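Presented below is the structure to which this report refers.
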Amino acid sequence: PTTIFLKDYTPFGFIIDGVELTFRLAPKATRVLSRIKFRPNPDATDKRFFLHGESLTLISAAIDGKSADVRDVDGGIEADVPDAPFVWEAEVEINPQDNTALEGLYMSNGMYCTQCEAEGFRKITYYPDRPDVMAAFEVTIEGNEKVLLSNGNPLSQSQGFAKWQDPWPKPAYLFALVAGDLLNHPGTFTTKSGRQVDLNIWVRPGDENKCAFGMQALKDSMKWDEDVYGREYDLDLFNIVAVDDFNMGAMENKGLNVFNSSCVLASPETSTDGNFERIEAIIAHEYFHNWTGNRITCRDWFQLCLKEGLTVYRDQQFTADLRSAPVARISNVLALRGRQFPEDQGPLSHPVRPESFQEINNFYTATVYEKGAEVIGMLKTLVGDAAYSKAVDLYFDRHDGDAATIEDWLQVFEDSTGRDLGQFKRWYSQSGTPRLTVREDYDGDTFTLHLSQSTAPTPGQDEKLPQVIPVAVGLLSPNGDEVMATQILELTEAEQSFRFEGHATRPIPSILRDFSAPVILEQGIDKTRRAFLLAHDTDPFNRWEAGRMLARESLLASITTGAAPDAAYLDGLGAVLRDDTLDAAYRALMLGQPTQSELAGLLHEAGITPDPEAIHTASEDLRNAKAAAFGDLLPVLYQDNQIDGPYSPDADGSGKRSLANAALSLISRTDGGALAAEQYAKADNMTLQLAALSCLLDAGAGKEQLAAFEQQWHDDRLVMDKWFSLQIMQAKPDQVAEVTKRLTQHPDFDMKNPNRFRAVMGALSMHHAGFHHKNGAAYALLAEWLIKLDPVNPQTTARMCSAFQTWKRYDPARQTMMSAELDRIANTKDLSRDTNEMITRIRS
Ligand code: HT7
Ligand code: ZN
């Protein structure tokens with residue numbers, strides 16, 4: 001397989017002055033006619049006329065009206081062309097029906113749809129399928145479907161025919177076409193300059209009552225981007241389409257976003273609060289791409305974080321503004337620690353801007369997205385809010401219409417602030433999670449923080465240089481008052497000291513407030529200090545973090561020494577839970593505890609081989625201890641957070657439900673599931689119904705309800721995904737593989753549907769104690785299904801291989817079993833490039 005390097009970038013030899021495409025739709029033999037105006041690019045040195053193409057049957061090709069002599073080359077075709085403007089015309093045939101990889105033009109439930117990012121357009125026609133080649137598209141669709149959609153504005157439409165024009169030059173990865181018998185949920189939005197935009201959410205008949213929430217989220221996003229970033233929408237129409245078979249969450253195609261139906265369809269009866277929140281964030285994310293991604297795109301795929309990191313950062317800001325900022329921040333950090341830290345600490349570690357790849361689909365990672373967003377957040381913290389806004393305005397002014405780079409992004413900050421960001425740039429090139437170590441000194445007046453940083457070697461990077469780490473610090477007095485409001489310390493050296501004078505009593509520092517940098521903080525403080533911060537920290541993130549650290553230390557002690565759950569933690573937690581000045585969602589987060597895989601990672605970092613059984617036992621013991629310690633409090637929390645009146649997925653309602661459900665899950669440990677059965681029986685929304693079912697299964701009950709749930713929801717694919725997952729998530733560790741295997745034999749298990757495959761195999765790989773059960777059955781089952789899925793859908797297969805990324809953490813017996821499964825996958829005949837690259841990296 002060929003490796004592509006960032007350093008080898010060269011511009012394409014031609015500029016495109018316009019693209020006309022005609023689609024004659026037929027499930028097994030769609031014809032695509034292209035007419036593309038090319039002219040030589042004066043800035044390019046490589047003048048080769050090469051067009052990408054994959055799985056295409058070429059019917060004809062012509063240059064300036066004369067049949068062209070094309071040569072098949074690796075990944076596409078070449079032709080000799082004039083050293084002057086010319087018109088390329090081609091006709092190809094493709095087979096959407098058999099396209100199970102879900103890249104290019106494919107069919108989902110009788111509907112045609114496309115997915116072109118990153119390199120899917122080359123499966124539609126011959127084209128320079130690279131993001132720095134931008135062009136205006138005109139698209140004609142001929143087909144029998146009632147609705148025929150493409151990017152931009154409609155030029156004309158009649159029975160079986162539609163013509164679309166997108167005036168904004170775009171790279172091919174933003175091309176989209178949808179055709180099907182769809183219904184629309186309409187809306188309108190008036191932009192700040194007074195332009196009316198028609199909005200539609202297109203769905204299959206039967207789903208039209210699940211669009212109202214998504215439509216409101218879209219309007220809120222449009223308004224927020226105007227208010228906060230000054231960005232206005234730039235077409236007369238914005239379409240969203242819900243598709244059942246989709247490899248990821250959603251896609252920001254210009255004017256025609258395509259969504260995994262799980263990321264747009266919502267109703268109280270079928271969606272949980274978590275689903276609503278996720279849908280709101282993803283709709284915002286895709287909409288925000290219109291400026292950060294579409295108007296300004298990436299020069300090449302190495303620059304992916306330019307659009308993804310920034311857009312994730314923007315959608316996180318949006319959620320923080322619309323809901324609770326501390327709760328949003330804690331949730332983001334949980335996601336970062338849960339997904340990005342393991343990636344950065346294992347064989348798949350790569351920089352936010354990778355320097356090489358074989359298959360770009362494998363780099364849509366937590367590092368590029370979530371760590372990429374953290375990097376933007378640090379930049380904003382370092383330059384300040386006003387300077388951030390000024391720099392971003394300059395970015396939009398200077399680069400509108402460009403295919404830009406990280407250098408361009410940093411340059412606008414340098415130009416508008418005068419700051420040298422040379423060292424900051426290391427966040428883009430250095431992989432790994434820095435460790436920030438703190439030591440304290442006090443001399444009766446001056447309090448000193450000695451900070452040091454180090455990053456362990458990662459694949460391909462043995463030496464690490466110091467990075468710029470913004471460390472947000474506040475100081476508290478021993479009675480809990482804040483004696484110094486949050487200040488940003490800039491750690492730039494390997495070791496640096498920061499002095500705070502004039503403190504007659506020794507202050508207590510609150511360090512890395514709001515998680516001001518994506519690092520591992522090693523503070524070396526004792527339980528008493530943590531309990532103090534849990535009780536008094538004025539920074540909501542650090543207050544939560546203090547509780548989290550106490551839980552972590554309690555669990556680690558139980559795992560390694562068999563110690564009982566820590567009483568100081570339980571006391572401190574009890575006080576927080578009783579404090580009803582704190583919002584319910586925040587208290588629900590406080591009740592949570594580190595995941596079992598997080599604990600395994602921590603043990604591994606401490607040089608201790610994690611034992612999944614011991615981790616599982618300690619985690620269960622801590623939950624049982626909470627159930628016992630809060631025996632009186634939990635029913636009160638449950639009762640106080642019941643809501644009369646209609647369901648609403650807003651922050652307040654969902655916060656109350658999350659606290660009540662967290663209480664219920666502990667109560668179910670002592671009442672055998674009686675209260676959960678009551679909740680299940682009267683639940684009128686999915687948040688309450690699913691939580692009750694989950695508690696019942698956890699309590700070893702719920703057989704009847706599980707069957708009733710299936711009976712009630714068997715026609716709803718998205719709800720049935722939950723039914724599949726839940727049974728695996730709540731299975732006892734020794735039964736996880738068996739339950740999963742049984743579910744793969746269920747008539748509704750369809751591996752071609754990525755949502756269903758992920759619901760089942762994702763749940764298997766995320767059940768830490770079950771996946772790592774010593775009999776190795778789960779390893780074998782996952783490998784078996786990855787091997788089956790690879791020829792069908794390489795992209796989804798490759799992503800799910802990451803379940804094995806932590807294999808070297810475990811004992812020799814488990815390592816041997818996982819390694820054998822990795823070998824089995826690697827040795828599979830005709831393994832896809834996607835999966836091959838992932839397995840090779842994981843094994844390295
Ligand atoms: N920019 C998109 C990333 C993407 C994708 C989406 C759906 C299917 C396949 C895909 N490959 C890449 C989604 C986003 O980040 O907004
Ligand atoms: Zn994105």
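Just so you know, all these numbers are worked out from the coordinates, no wet-lab data involved. Computed from a prediction, not measured in an experiment: that's the story for all the values here. Neighbour counts are summed over all protein chains in view; Cβ atoms, including those assigned to glycine, are modelled from backbone coordinates with ideal geometry.
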On C-alpha positions alone, give me the angle between the axis of helix 651-671 and the longest principal axis of the chain, in degrees, nearest 10.
60 degrees
Just add up the charged neighbours of Ser558: K/R +1, D/E -1, any other residue whose Cβ is under 9 Å from the Cβ of Ser558.
-2
Restricting everything to alpha-carbon atoms, can you work out Rg to Rh for the range 714-844 with a Kirkwood hydrodynamic radius?
0.96
Placing unit charges on C-beta atoms (Lys and Arg positive, Asp and Glu negative, everything else neutral), compute the dipole magnitude of the chain about its Cα centre in debye, rounded to 20.
1040 debye
With N residues in the chain, what two-decimal value do you get for its Cα radius of gyration over 2.2 N^0.38 Å?
0.96
Give me the angle, in degrees from 0 to 90, between the Cα long axis of helix 612-629 and the longest principal axis of the Cα atoms of the chain, rounded to the nearest 10.
60 degrees
Net dipole in debye of the range 714-844 [+1 Lys, Arg Cβ; -1 Asp, Glu Cβ; about Cα centre; nearest 20]:
320 debye
Taking a ≥ b ≥ c as the square roots of the Cα gyration tensor eigenvalues, with a/c under 1.5 meaning rounded and otherwise prolate when a/b beats b/c, else oblate, which class fits the range 442-525?
prolate
Taking 0.36 nm per residue of sequence separation and subtracting the Cα-Cα distance, how much length would be gained by fully extending the chain between Val792 and Ile520, in nm to one decimal?
94.0 nm
The equivalent-ellipsoid semi-axes of the range 1-59, taken as the square roots of five times the Cα gyration tensor eigenvalues and listed largest first in whole Å, are 28, 18, 8
Roughly what angle does helix 777-789 make with the longest principal axis of the chain, taking Cα atoms, 0 to 90 degrees, to the nearest 10?
20 degrees
CD proxy at 222 nm, helix term only [per DSSP H run n ≥ 4: -39500 (n - 2.57); per residue of the chain; nearest 500]
-12000 deg cm²/dmol
Using the basic label-point model (7 angstrom from Cα toward the beta carbon), what is the Gln735 to Glu784 distance in nanometres?
2.0 nm
Between Ala136 and Val87, the two model label points (7 Å from Cα along the beta-carbon direction) sit apart by a distance in nm of 1.7 nm
Asp811 to Asp571: extension gain in nm, 0.36 nm per residue of separation minus the Cα-Cα distance?
82.9 nm
Divide the volume of the convex hull of the Cα atoms of the range 505-617 by its number of residues and quote the answer in cubic angstrom per residue.
122 Å³
Would you mind putting 59-65, 469-475 in packing order, based on average other-beta-carbon counts within 10 Å, highest first?
469-475, 59-65
What ranking, highest mean first, results for peptides 638-650, 540-552 when packing means the other Cβ atoms within 10 Å averaged over each residue?
540-552, 638-650
Proximal lysine pairs, the range 1-181, alpha carbons under 27 Å, eight or more residues apart or interchain:
21
Give me the tail of P(r) for the range 104-222 as a percent: Cα-Cα pairs with distance above 17 Å.
64 percent
Determine by what factor the alpha-carbon radius of gyration of the range 1-181 differs from 2.2 N^0.38 Å, reporting the quotient.
1.01
What does the charge count near Glu738 come to, summing +1 for each Lys or Arg and -1 for each Asp or Glu among other residues with Cβ under 15 Å from its Cβ?
+2
Cβ neighbours within 10 Å, averaged per peptide: list 115-123, 453-461 in order, most packed at the top.
115-123, 453-461
